[in-house]
Amino acid sequence: MFPPTDTHELSCQELATLRDSGAQFRLVDCREDDEWRICHIEGAELHPLSSFAQDAPRKFTDAEEPVIVYCHHGMRSLQATYFLRQKGVKNCWSLRGGIDAWADEQEPGMARY
């Protein structure tokens, strides 16, 4: 169901399939609050990259919990994914292309910036 753990990214289609299947995972938006207010993926929780390293040790305590991180285009979320994996969160992936790709492929009516 989830990509192999040696893969650091998953596609928008993979995320949509996971959501549709009812798979349990945390969807984390690592953009900043002003970006979040414009648009976000339903069910996501906001953990801005600007405070990620500081907040992560107490917010990501289950090393086995699947976590999918996204940002605007996929670069910040890849940084957050690498950080979480270094801290022991094994099942963590970045959404390839970020919310911009998600809007293109899954929610064309989503607000954009």
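Things to note:
- Positive-end extreme of charge dipole, the chain - chosen from Leu15, Val89, Pro108 (charges on Cβ): Val89
- Backbone amide hydrogens, once placed in the peptide plane, bring Cys92 within less than 5 Å of Val67, excluding anything fewer than 5 places away on its chain.
- About the centre of its Cα atoms, the chain shows a dipole size close to 360 debye [charges on the beta carbon of Lys, Arg (+1) and Asp, Glu (-1) only; nearest 20 debye].
- Using θ = phi - 60° and Karplus 6.51 cos²θ - 1.76 cosθ + 1.60, couplings along segment 30-36 (whole Hz; Gly, Pro as x): 9, 6, 8, 4, 5, 6, 4
- Taking all protein chains together, Met75, Met110 sort by accessible area into Met75, Met110, largest first [probe 1.4 Å].
- Ligands, DNA and RNA aside, Leu46 has an accessible area near 50 Å² when probed at 1.4 Å.
- Residues of the chain: accessible area per residue with a 1.4 Å probe, Å²: 52
- Cα-based convex hull, the chain, per residue volume (Å³, whole number): 90
- Once the chain from Glu105 to Ile38 is taken as fully extended at 0.36 nm per residue, the excess over their C-alpha distance is 22.3 nm.
- Distant-in-sequence amide contacts of Leu46, defined by a placed amide H-H separation under 5 Å and a gap of 5 or more residues or a different chain, comprise Asp29.
- Applying both filters, DSSP loop and at most 12 other Cβ atoms within 10 Å, to the GluC sites (Glu not before Pro) of segment 1-84 gives Glu42, Glu64.
The values are calculated or read from the model by the stated rules, or taken from the named source; none is laboratory data. A quick note: this is a predicted structure, and the numbers were derived from the prediction, not measured. For neighbour counting, all protein chains shown are included, and Cβ atoms are generated from backbone atoms with ideal geometry for every residue, glycine included. Accessible surface areas use protein heavy atoms only, side chains included; no ligands, DNA or RNA. Shrake-Rupley method; radii C 1.70, N 1.55, O 1.52, S 1.80 Å.
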